[in-house]
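In what follows, a structure is listed as structure tokens, so that the remarks can point back to it.
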Amino acid sequence: MWIRTAVQQAKIDLLVISAQRGNQAAFSELVNEFNQPLLRFGYRLCSDTELVKDAVQETWLTSAKGLSKLNDPRAFRCWLYQTLRWRLTDLARKQSQFELVELAEHKDVSEGGVPEQPAVTKPIELDNEVLKAIAQLGETEQQILHLFYLDEMKMVEIAAILSIPVGTVKSRLNRAKKQLKTIMQA
């Protein structure tokens, strides 16, 4: 699991600032750092693998064009995820194939219960019981759990990505944990 330290965050901030000034190598490093987490998040939102790949690619194009307008380098990750979410929704509407994924019912689920996606590493091995329990939660609760535990985002970042208040993120996270506990004990 990837845990951001102050040094790692400072490195990301410097890469963002450098990329904002036109340094293509810095932007490439940002792509290398965040591409797989974006793909994982996209696969949690949509079952269409090609649509997710297109949305991630368009997210990078959008970020390349709009990076200079980003005022706070620390907001980069949140901005990326939010851009992907919007882009994925737009593309899906255009194709009329938007379908939120119930992870346990994903058509490419391996025996371990984790979707098999080429070129995406699995951050954590979760057993099938946990995945089935998570799949019983609401769509927003699933997204919050994914962002909080797997992508290690702060509640403020999750709130910005999902366009909901921080208090709502807190309450839904707590509710999701209680629901998971109940489901797992049953």
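Data table
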{"quantity": "Matching residues in region 128-186 - criterion: being basic (Lys, Arg) and not in a helix (DSSP H, G or I)", "calculated": "154"}
{"quantity": "Some residue of region 61-71 being in contact (Cβ under 8 Å) with a residue 40 or more places away in the chain, over 15 Å from the mean Cα position of the chain (by Cα) and closer than 16 Å to residue 154 by Cα", "calculated": "no"}
{"quantity": "Test: residue in region 113-128 that is at pLDDT 55 or above, out of contact with any helix residue (DSSP H, G or I) (no Cβ under 9 Å at 6 or more places or on another chain) and among the acidic types (Asp, Glu)", "calculated": "yes"}
{"quantity": "Residues located in region 1-47, provided they are among the β-branched types (Val, Ile, Thr) and crowded, with 21+ Cβ neighbours inside 10 Å", "calculated": "16"}
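One line per residue, one yes/no per condition, for (1) without any contact (Cβ under 8 Å) to a residue 12 or more places away in the chain; (2) of a type outside the set (Phe, Trp, Tyr); (3) under 25 Å from residue 144 (Cα atoms):
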site	(1), (2), (3)
6	yes, yes, yes
11	yes, yes, no
15	no, yes, no
19	no, yes, no
24	yes, yes, no
33	no, yes, yes
53	no, yes, yes
77	no, yes, yes
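The values are calculated or read from the model by the stated rules, or taken from the named source; none is laboratory data. Just so we're clear, the structure is a prediction, and the values are computed from it rather than from any experiment. A quick note on method: Cβ atoms are made from the backbone with ideal geometry, for glycine too, and the neighbour counts reach across all protein chains shown.
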